[in-house]
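Taking it in order: structure first as structure tokens, then the write-up.
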Amino acid sequence: MDNSEISKERADEIFGALKRKCPSLECPVCKCKTFNLVASEVFLPLPMRGENNIILAPSRGRKCVAQICNNCGNTLIFDLDTLFK
């Protein structure tokens, strides 16, 4: 699955949802409160396990968005379906 570019309008929707759901968001590493939004949605594959605990090729996953801390570079990943519930 290709990563989808995030439009300005979609970025504004994402920032709005983050402000509503996480009003005091800060980096868990350095406590910085400013982030950059990665310019494309990220598909996070969820591998399935088969017999004998063998990991199979991912056939499903979640569309996510990533924010990178402006200070230390720590990356936070948010599931888009959950963010917009």
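Computed from the coordinates by the stated procedures, all read-outs in this text should not be read as laboratory data. Keep in mind that what you see is a predicted model, and the values were worked out from it rather than measured. Heads up, the Cβs are rebuilt from the backbone with ideal geometry, glycines too, and the neighbour counts pull from every protein chain shown.
Subtracting the Cα-Cα distance of Ser4 and Glu26 from 0.36 nm times their residue separation leaves 5.4 nm of extension gain.
Under 5 Å from the amide H of Gly61 lie the amide H atoms of Leu46, each residue being 5 or more positions distant or on a separate chain, with H modelled from the backbone and absent for Pro and chain starts. Its Cα gyration tensor gives the chain an equivalent ellipsoid, and the semi-axes of that ellipsoid, as √(5λ) in whole Å with the largest first, are 27, 16, 12. Taking Cα centre as origin and charging only the Cβ of basic (Lys, Arg, +1) and acidic (Asp, Glu, -1) residues, the dipole magnitude of the chain rounds to 320 debye. For a paramagnetic label modelled on Phe84 (point 7 Å from Cα along Cα→Cβ), amide N atoms under 14 Å away belong, within the range 9-42, to 9-18, 41-42. Annotation: the residues Glu41, Glu13, Glu5, sorted from fewest to most other C-beta atoms within 10 Å of their own C-beta, follow the order Glu5, Glu13, Glu41. Backbone phi angles across the range 14-20, fed through the Karplus curve with coefficients 6.51, -1.76 and 1.60 (θ = phi - 60°), yield HN-Hα couplings of 5, 4, x, 5, 5, 5, 6 Hz in residue order; Gly and Pro are listed as x.
Scanning residues 5 or more positions from Asn70 or on other chains, those with amide H under 5 Å from its amide H are Thr34, Phe35, Asn36, with H placed 1.01 Å from N in the peptide plane.
Here the Karplus curve 6.51 cos²θ - 1.76 cosθ + 1.60, taken at θ = phi - 60°, turns the phi angles of the range 68-85 into couplings of 10, 4, 5, 9, 10, x, 4, 10, 9, 10, 10, 6, 5, 4, 5, 4, 9, 6 Hz, with x standing for Gly and Pro.
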